[in-house]
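Here the structure is laid out as structure tokens; the discussion comes afterwards.
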Amino acid sequence: MTRAARSLVRLGLRADTITLVGFATGMAAATAIALQHYLSGLALLLLSRLMDGLDGAVARATSPTDRGGFLDITLDFLFYAAIPLAFALADPPANALPAAVLLAAFIGTGSSFLAFAAVAEKRQLQSLAFPDKSFYFLGGLTEATETILAFTAMCLWPQWFAQIAYGFAVLCGITAVLRIGWGWQRFR
């Protein structure tokens, strides 16, 4: 990523531009999935996530900004919500309820992620493991890699969407409970 980022910087591309193009690509992936073009959706989804990795590498190769960090995390959350919604639109009778359950689980992981980050910032806590990130946050069972693997499985086997969504929702629930527990202990 670092080598690719340096090449993109030499071409004059900025991190925010890559973030926006990556988000647009992710929305195109969601559209393809909603239209039941699952493999096209998967290709666009993976390209979108590649850009999501490159934007941070480009930012670190130049000068990271709070605006860029804000834009990145906000558009990531919107992307992550769009994919289950796309599966619900693709086959509402089969997928609407599992998509809703997964989206509710994403609210748990997202809110615990951002709430911890907000309080950590207030207390001026910093991550020793990830000092180059825009803010300090807790990890969990279901982070970006695991979510992309779940989305990939959904695109490859759309007939199993419900089972994959329910299983991943359980893992997200565990992540949310762990983050709440860690935050509760850390912020005494």
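The values are calculated or read from the model by the stated rules, or taken from the named source; none is laboratory data. The shown structure was predicted, so the numbers you read here are calculated from the model rather than taken from an experiment. Please note: Cβ atoms are built from the backbone with ideal geometry, for glycine as well, and neighbour counts cover all protein chains shown. When the accessible area is computed, the model is the full protein with side chains, heavy atoms only, and any ligands, DNA or RNA have been set aside. Shrake-Rupley method; radii C 1.70, N 1.55, O 1.52, S 1.80 Å.
Figure legend. Inter-residue proximity from the range 86-98: first residues touching a residue at least 60 places away in the same chain (Cβ under 8 Å) and over 11 Å from Pro158 (Cα atoms), second residues among the hydroxyl-bearing types (Ser, Thr, Tyr) and part of a helix (DSSP H, G or I), beta-carbon distance below 6 Å, spacing 6+ or different chains. Indicated pairs: Pro98/Tyr166. Scanning the range 28-62 for residues that are farther than 28 Å from Arg10 by Cβ, surrounded by fewer than 16 Cβ atoms within 10 Å (Cβ to Cβ) and among the aliphatic types (A, V, I, L, M) yields a count of 2. Of all the criteria given as (1) in contact (Cβ under 8 Å) with a residue 24 or more places away in the chain; (2) part of a helix (DSSP H, G or I), the one not satisfied by Ala28 is (1).
Can you pull out the residues in the range 31-51 that are over 11 Å from Cys155 (Cβ atoms) and without any contact (Cβ under 8 Å) to a residue 60 or more places away in the chain? Talk me through it step by step, then tell me what you get.
Here is the first cut: in the range 31-51, the residues over 11 Å from Cys155 (Cβ atoms) are 31, 34-35, 47-51.
Passing the criteria: Thr31, Ala34, Leu35, Leu47, Ser48, Leu50, Met51.
Checking Asp16, Asp91 one by one, the residue that is in contact with a Leu (Cβ under 9 Å, 6 or more places away or on another chain), farther than 15 Å from Thr147 by Cα and modelled with pLDDT of 90 or more is Asp16 and no other. For the range 148-163, filtered to residues that are under 16 Å from Ala100 (Cα atoms) and under 17 Å from the mean Cα position of the chain (by Cα), the residue that is surrounded by the most Cβ atoms within 10 Å (Cβ to Cβ) is Met154. Of a type outside the set (Phe, Trp, Tyr) and within 16 Å of the chain's Cα centre (by Cα): does that describe Leu39? Here the answer is no, as Leu39 does not meet what is asked. For the range 102-121, state whether one or more residues are closer than 30 Å to Ser7 by Cα and modelled with pLDDT of 95 or more. Scanning the range 102-121 turns up no residue that is closer than 30 Å to Ser7 by Cα and modelled with pLDDT of 95 or more.
I need every pair where a residue in the range 54-78 that is farther than 14 Å from Phe23 by Cα and touching a residue at least 24 places away in the same chain (Cβ under 8 Å) has its Cβ under 7 Å from the Cβ of a residue that is open to solvent by 70 Å² or more (accessible area, probe 1.4 Å) and in a helix (DSSP H, G or I), sequence separation at least 6 or different chains. Correct list of pairs: Ala57/Thr2; Ala61/Arg6.
Across the range 63-75, what is the total count of residues that are surrounded by fewer than 16 Cβ atoms within 10 Å (Cβ to Cβ) and at pLDDT 90 or above?
Restricting attention to the range 63-75, the residues satisfying the condition of being surrounded by fewer than 16 Cβ atoms within 10 Å (Cβ to Cβ) are 63, 65-67, 70, 74.
If we keep only those that are at pLDDT 90 or above as well, we get 67, 70, 74.
So the answer is 3.
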